[in-house]
Amino acid sequence: MQRLNRNDFPGAHYTDRVIQFGEGNFLRAFIDWQLDWLNQHQATDAGVVVVRPRNRVVDDSLNQQDGLFTTLIRGLNAAGERVSETRLIRTINREIQPYQQLDAFLALAHAPQMRFVFSNTTEAGIVFNPQDQLDGAPASSFPGKLTQLLWARFNHFAAASDKGWLVVPCELIDNNGDTLRARVLQYSQHWQLPAEFARWVQDHCAFYNTLVDRIVTGYPADSAEISAQLGYEDRYLVAGEVYYQFVIQGPDTLAQELKLHALAPEVKMVDDITPYKAQKVAILNGAHTALVPVAFQAGVESVGEAMSDAQLAGFVDVLLREEVIPTLDLPREELHAFADAVQRRFRNPFIRHALLSIALNSMTKFRTRLLPQLLLAQQQTGKWPERLTFAFAALLAFYRGEQGDRHWPLQDDEHWLQRFAELWPAVNHDKQTPELLVRAVLSDANHWGEDLTQRPGLVAAVSQNLQNIIVHGMRTALTQLR
């Protein structure tokens, strides 16, 4: 079968206007997929040059397919119907490996039409390395490489105000745009570049804070069948879910130039990204954290199976709508729509998400994702939210690591593994009551940020749920919730 290439599969070609740091699955099924749609439907004319951020020589690259690849978008649409769509992405023009092609890399700064920078270099990518040199071949870090390009552009165009770039990082860290700009300015100072350059970066380059969301599963297991349907071999075929969200904080220039209004409401330009981060953490991530210990101890193995179970799906739905959403600051209609989308995503028949695979470090996840909502809900209503406290108790029960003849691995900080290894045997052998275990866990101020036993009624609420789970089992304990 013929491998995908532009000669045998001709089509549109777009002007180099985007530098993309990262060739991975996520950017290709997220940024490149969006740009391709905009190019076709909005005449954006945004061609992409991919820069591999790491020094890794590869035998194969996107160049072997002339930048072409296929996205396979599968899941449930807003009507709950199955969707499976392929799209031949023509946005990428070529790939550059800067450690082997330094001149081609630096030449990107000289292209007058180059305007946008997108990136996803993992959470550890936006860092400063004091060992990097301005004339390094190239700098080791992504911010160092970007600073080298900006410095070259600043000089080539004599600090022209209209030659700044719009920089859109997609790394999953808070304030990613602000952090990237700070690292660029740190390199500028470290390399003793003139103050005029720093002012040009500040005044004529925009760095956007972003929030990105789409599950991208990568190269599909059924690729042979898909290739037969497509009529070509695509080694960069990438599968992702139907849902996506892109929230961008910053000036409206990016939206105007890329015509992002055409992708609304999935793409949002906002003045403050904070409430959207809170929404994602509390509803999407929080639903996972609440569901995992409850569903797993109810005998279910995956998220999809749990959402096909009326009892478990109902638990998640009520928890989100009655206990989590009232604590958040966005409009209620928007929050409920997001909760609807989350539950459709959990039901995606094309993704099997094992519960144990997302149980890693659940104690920290509960603290960051659900504890704020638990405390806020109590402050708002004067009583402890029933399902959030039940999820808390289910989490403590999960750290038994066993249920009858069933055993499962625990993955968390050594501190918690050791604590539960001491606490649960004492409960199991009637040396202490579940309340003493709850009190011991909730009193760990180093973990929770405060001694939670000082919150009146919380120990009793969690302990009662834990007692019910131990005595009656998860299924029966769930039926006792209103």
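Can you say whether residue 107 is farther than 17 Å from residue 151 by Cβ and either surrounded by fewer than 18 Cβ atoms within 10 Å (Cβ to Cβ) or not charged (D, E, K, R) (or both), as far as the supplied structure shows? Spelling it out, it is not the case that residue 107 is farther than 17 Å from residue 151 by Cβ and either surrounded by fewer than 18 Cβ atoms within 10 Å (Cβ to Cβ) or not charged (D, E, K, R) (or both). Find the residue count for the stretch 188-202, including only residues that are touching a residue at least 24 places away in the same chain (Cβ under 8 Å) and either surrounded by 11 or more Cβ atoms within 10 Å (Cβ to Cβ) or under 18 Å from residue 242 (Cα atoms) (or both). Count: 7. Against the definition (on the phi > 0 side of the Ramachandran plot and assigned by TED's automatic domain parsing to the domain that holds residue 85), how does residue 32 come out, yes or no? When the stated conditions are applied, residue 32 does not pass them.
Within the stretch 105-117, none of the residues are β-branched (Val, Ile, Thr), at pLDDT 95 or above, assigned by TED's automatic domain parsing to the domain that holds residue 206 and in contact with a Ser or Thr (Cβ under 8 Å, 6 or more places away or on another chain). Every listed requirement among (1) closer than 21 Å to residue 358 by Cα; (2) without any contact (Cβ under 8 Å) to a residue 60 or more places away in the chain is met by residue 405 save one, (1). Residue 115 satisfies every condition listed in (1) surrounded by fewer than 16 Cβ atoms within 10 Å (Cβ to Cβ); (2) farther than 15 Å from residue 201 by Cβ; (3) of a type outside the set (A, V, I, L, M, F, W, C) except (1). Tell me yes or no: at least one residue of the stretch 47-60 is assigned to a strand (DSSP E or B) and either within 30 Å of residue 304 (Cα to Cα) or out of contact with any helix residue (DSSP H, G or I) (no Cβ under 7 Å at 6 or more places or on another chain) (or both). Yes, the conditions are met somewhere in the stretch 47-60.
Which pairs turn up if I take residues in the stretch 59-78 that are within 18 Å of residue 48 (Cβ to Cβ) and look for partners that are assigned to a strand (DSSP E or B) and among the aromatic types (Phe, Trp, Tyr) with beta carbon separation below 9 Å, at least 6 apart in sequence or on another chain? Going by the 9 Å Cβ cut-off, the qualifying pairs are 62/69. Please tell me if residue 331 is under 18 Å from residue 367 (Cα atoms), more than 20 Å from the chain's Cα centre (by Cα) and not assigned by TED's automatic domain parsing to the domain that holds residue 240. Here the answer is no, as residue 331 does not meet what is asked.
Once the stretch 156-175 is narrowed to residues that are buried (at least 18 other Cβ atoms within 10 Å of the Cβ) and in contact with an Asp or Glu (Cβ under 9 Å, 6 or more places away or on another chain), the residue that is farthest from residue 197 (Cα to Cα) is 171. Can you confirm whether residue 304 is closer than 23 Å to residue 482 by Cα and out of contact with any Asp or Glu (no Cβ under 6 Å at 6 or more places or on another chain)? No; evaluated as a whole, the condition is false for this residue.
When residue 383 is tested against the conditions (1) assigned to a loop (DSSP other than H, G, I, E, B); (2) buried (at least 19 other Cβ atoms within 10 Å of the Cβ), the lone failure is (2). Only one entry of 11, 67, 75, 47 meets the criterion of being within 20 Å of the chain's Cα centre (by Cα) and either farther than 26 Å from residue 346 by Cβ or in the same structural domain as residue 220 (by TED's automatic domain parsing) (or both), and that entry is 75. Here the helices (runs of 4 or more DSSP H) wholly within the stretch 217-284 that include at least 3 residues being more than 16 Å from the chain's Cα centre (by Cα) are 223-230, 253-258. For the stretch 323-333, a residue qualifies if it is surrounded by 15 or more Cβ atoms within 10 Å (Cβ to Cβ) and assigned to a helix (DSSP H, G or I), and the qualifying residues are 323, 324, 325, 326, 327. The residues in the stretch 254-277 that are without any contact (Cβ under 8 Å) to a residue 60 or more places away in the chain and closer than 25 Å to residue 385 by Cβ can be counted, and the count is 2.
The values are calculated or read from the model by the stated rules, or taken from the named source; none is laboratory data. Computed from a predicted structure; not experimentally measured. Counting neighbours? That spans all protein chains shown, and the Cβs are built from the backbone with ideal geometry, glycine included.
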